[in-house]
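Q: Let me begin by handing over the structure; questions about it come next.
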Amino acid sequence: MPSRDSYEVHQEEKSLVQKAKREANQEDILAAALGMRMGPQKPPATFWQPLKLFAYSQLTSLVRRATLKESDRMPKSEKVHNFKVHTFRGPHWCEHCASFMWGLMAQGVKCADCGLNVHKQCSSLVPNDCKPDLRHIRKVYSCDLTTLVNAYNTARPMVVDMCIREIESRGLKSEGLYRISGFSDSVEEVKTAFDKEGEKTDISVNAYEDINIITGALKLYLRDLPVPIISYDAYPRFIEAAKFTDPEKKLEAVREALALLPPSHSDTLKYLMAHLKRVTQDEKFNLMNAENLAIVFGPTLMRAPDLDAITALNDIRYQRQVVELLIKNEDVLF
Amino acid sequence: MSAEEERFKLVVVGGGGVGKSALTIQFIQSYFVSDYDPTIEDSYTKICTVDGKETRLDILDTAGQEEFGAMREQYMRSGEGFLLVFALNDRGSYHEVQKFHTQVLRVKDRDDFPIVLVGNKADLEQQRVISREDAQAFASDNGIHYMESSAKNRYNVDESFLELVKIIRRFQEMESTPPAAHHTGKQKSGGCPCVLL
């Protein structure tokens, strides 16, 4: 899946850049505004960035912004903006530097999540204060979990809630539940429906008779997340945890790793694991015990942050162990 | 072909839970596995004699789930023959196998390739949802061989694998004699596996 991989790399790179920029940002702006240097450090970047800013001759708005930033400095839910090149109709002004956005096409960038319009050059200076707006979130699949949950103001993404509710209402006795694949075109159809209609999507038995289409849609949603449920940051800790032989230590290590997950991720995981536990309770009928479910859900919930194929292959075993542990100890872990 | 050992890489593909492992293990070890654990990837080797000639088969048993799709292109590239398996009692798996067929041809960048379509779980006749005629029509349209099998009753298990070996042999023979271009054109239309049905 080259597209996803490249996306991950891109994301990581971007967040790193953003973080660095953000730190330098406020001091730079102040320095620019006051026309002086600040702090002991003097890398070339701090020197020419003020110059660049001066070029826009927007001193007043910069000062305003700098002081504003100073006052509400606590970053509550830090989220990187999702800037995309945008062609604006009619005159537009940059919401960062307040100067005009010149040109007829691709005058600047727009955050796909909150709709902030800025110059391309300014986009790197904007702090990570994106507050996703429902109007700007067009997709449900492949949308960052935290973004989606913030935008809809729900505890968990609606795909997870709705699919699990539907699956449980149909009973968990279908043989090979979560193992047998639904017809992939229908699964894609469900995905498109969620993207378009959101909560109004009809996934009832009248629309999709085969339960494996619903399980497939749920698994696809989890796989399509730009950051998996077991986030990249926490991933190595989970793998390390799986390597413990002592069951007590293992459980403790998993518990510690769970604490690293963003709240939206851990809430979703908790809900999902409770559901999978219920699936295993019907093992007599569906033949899916925790181990079987873990094989299927391993790569669905966990993805290695680095793209090395050999490590990824080796990790499959540990991914399975982690998910199995999560399902079996769902009641004590969360 | 020279005197050296003949060796083929066979790949068993198909949706989740259709019985790929059951077929493969029945073929290799002659018993029916009753446990229900999904495969990630297993490989087996078997030496068998087809048409009086000894052949070493490397068989790759793959994962049916989309989750393991990343590994798919890789094994499709290396496979020399494919067993596309679906379950006769599962319509989803029948649709899925048609996708696999397209994907194999795309990865191989060819119009035809040694493939045998296998409708498994023939023992569950009462639960059948895919008729023999439908599957046979799809196979004929695409110039591939179709067989119905039951890993449980060991029905048509060896036959499926051995049929695939024969098809690979014919295919590779045809591949190795391409210089007579004006000839091959004619041979291809008449000599491709579909005529053997």
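The values are calculated or read from the model by the stated rules, or taken from the named source; none is laboratory data. Remember, predicted model here, so these are calculated numbers, not experimental data. For neighbour counting, all protein chains shown are included, and Cβ atoms are generated from backbone atoms with ideal geometry for every residue, glycine included.
Q: Scan B:S43, B:S34 and give me the residue that is within 16 Å of the chain's Cα centre (by Cα) and not in a helix (DSSP H, G or I).
A: Exactly one residue qualifies, and that residue is B:S43.
Q: Answer yes if at least one residue in the stretch A:87-103 is within 21 Å of the chain's Cα centre (by Cα) and either of a type in the set (D, E, K, R) or away from every other protein chain (no Cβ under 14 Å) (or both), and no otherwise.
A: no
Q: Additional query: Do we have B:G119 as without any contact (Cβ under 8 Å) to a residue 24 or more places away in the chain and either within 14 Å of chain A (Cβ to nearest Cβ) or surrounded by 15 or more Cβ atoms within 10 Å (Cβ to Cβ) (or both) here?
A: no
Q: Right, another one. Within the stretch B:1-31, can you find the residues that are more than 13 Å from chain A (Cβ to nearest Cβ), among the polar types (S, T, N, Q) and part of a helix (DSSP H, G or I)?
A: Result: B:T24, B:Q26, B:Q29.
Q: Another question, if that's okay. Give me the residue from the stretch B:82-96 that is in contact (Cβ under 8 Å) with a residue 24 or more places away in the chain and surrounded by fewer than 24 Cβ atoms within 10 Å (Cβ to Cβ) and, out of that set, farthest from the other protein chains (Cβ to nearest Cβ).
A: Step by step, filter the stretch B:82-96, then rank; the result is B:N89.
Q: Here is a further query. Can you find a residue that is within 12 Å of chain B (Cβ to nearest Cβ) and closer than 25 Å to A:G171 by Cβ anywhere in the stretch A:259-280?
A: Looking through the stretch A:259-280, none of the residues is within 12 Å of chain B (Cβ to nearest Cβ) and closer than 25 Å to A:G171 by Cβ.
Q: Taking A:L293, is it farther than 26 Å from A:P157 by Cα, within 12 Å of chain B (Cβ to nearest Cβ) and not basic (K, R)? If you could, list the steps in order and put the result at the bottom.
A: On the way: farther than 26 Å from A:P157 by Cα: no; within 12 Å of chain B (Cβ to nearest Cβ): yes; not basic (K, R): yes.
It is false that A:L293 is farther than 26 Å from A:P157 by Cα, within 12 Å of chain B (Cβ to nearest Cβ) and not basic (K, R).
Q: Shifting gears a bit: In the stretch A:83-107, what residues are assigned to a strand (DSSP E or B) and out of contact with any helix residue (DSSP H, G or I) (no Cβ under 6 Å at 6 or more places or on another chain)?
A: Those that are assigned to a strand (DSSP E or B) and out of contact with any helix residue (DSSP H, G or I) (no Cβ under 6 Å at 6 or more places or on another chain): A:K84, A:V85, A:H86, A:W93, A:F100.
Q: Of all residues in the stretch A:113-133, count the ones that are at pLDDT below 85 and either assigned by the TED database to the domain that holds A:A217 or in a loop (DSSP other than H, G, I, E, B) (or both).
A: Residues that pass the stated criteria total 9.
Q: If I go through the stretch B:62-81 residue by residue, how many of them are under 30 Å from A:L222 (Cβ atoms), more than 14 Å from every other protein chain (Cβ to nearest Cβ) and buried (at least 21 other Cβ atoms within 10 Å of the Cβ)?
A: Adding up the residues that qualify gives 1.
Q: Additional query: Go through the stretch B:32-61 and give me each residue that's aliphatic (A, V, I, L, M) and either within 8 Å of another protein chain (Cβ to nearest Cβ) or at positive phi (or both).
A: Going through the stretch B:32-61, the residues aliphatic (A, V, I, L, M) turn out to be B:33, B:40, B:47, B:50, B:57, B:59-60.
B:I40 - this is the single residue of the stretch B:32-61 that is aliphatic (A, V, I, L, M) and either within 8 Å of another protein chain (Cβ to nearest Cβ) or at positive phi (or both).
Q: I would also like to ask the following. Could you please let me know if A:A253 is free of Cβ contacts under 8 Å to residues at least 24 places away in the same chain and crowded, with 18+ Cβ neighbours inside 10 Å?
A: Yes; evaluated as a whole, the condition is true for this residue.
Q: Pull up the stretch A:297-333, narrow it to residues that are touching a Gly at 6+ places or on another chain (Cβ under 8 Å) and modelled with pLDDT of 90 or more, then point me to the one that is nearest to the other protein chains (Cβ to nearest Cβ).
A: Only one residue tops the list, namely A:R320.
Q: Given (1) free of Cβ contacts under 8 Å to residues at least 60 places away in the same chain; (2) out of contact with any helix residue (DSSP H, G or I) (no Cβ under 9 Å at 6 or more places or on another chain), identify the lone condition not met by B:Y36.
A: Condition (2) is where B:Y36 drops out.
Q: Looking at B:V97, is it in a helix (DSSP H, G or I), out of contact with any helix residue (DSSP H, G or I) (no Cβ under 6 Å at 6 or more places or on another chain) and at pLDDT below 95?
A: The answer is yes for B:V97.
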